[in-house]
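To start, the structure under review is shown below, and the notes come after it.
Every number here is computed from the coordinates shown, using simple stated rules; none is lab data. Note that the structure is a prediction, hence the values are computed from the model and not measured. Here Cβ is always computed from backbone atoms with ideal geometry, including for glycine, and neighbour counts include all displayed protein chains.
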Amino acid sequence: MSVAASNIANVSTTGPLPASGASGTSAGGGIAPTFPAAYVPLRVDQVSQSSGSTPGGTAATVSAVSPSYTAQSDPSAPFANQDGLVAAPNVDLASEFAELAVAKYSFIANAKVIQAYAETTESLLDIKT
């Protein structure tokens, strides 16, 4: 959930295009300002932990989305290149909201499994005559 939330929160965090360099020009002829790079979105992949005679389980791995940015027109940005383009995070909002929904229902399903286990254990240990 934190990866999807971070991607959604930073969908508008643009920066200079890498090909145009990370620094802009200053009108005063002094030292050129340096601008931070665009947000690099992340993704979560589920990897199977089944190996040999040990069945089941998954692990989540977090990696950067590739390509991490798309060129977007924003001529008013101080770091825009000569064509008015900036680097925008390559985030698909529909996919991110779908990931949030999947995470929510996965949490609910896991909580139900724990609840069923607790109820089963309680009924097995409840010895009445």
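Tabulated data for the structure shown
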item	result
Loop trypsin sites (Lys or Arg not before Pro), the range 45-129 (other Cβ atoms within 10 Å of the site Cβ: 15 or fewer; DSSP)	128
Extension gain (nm, one decimal) between residue 48 and residue 116, 0.36 nm per residue minus Cα-Cα	22.0 nm
Label-point separation in nm, residue 71 to residue 94, each point 7 Å along Cα→Cβ	2.5 nm
Other-chain or far-sequence residues with amide H under 5 Å of residue 69's (modelled H)	90
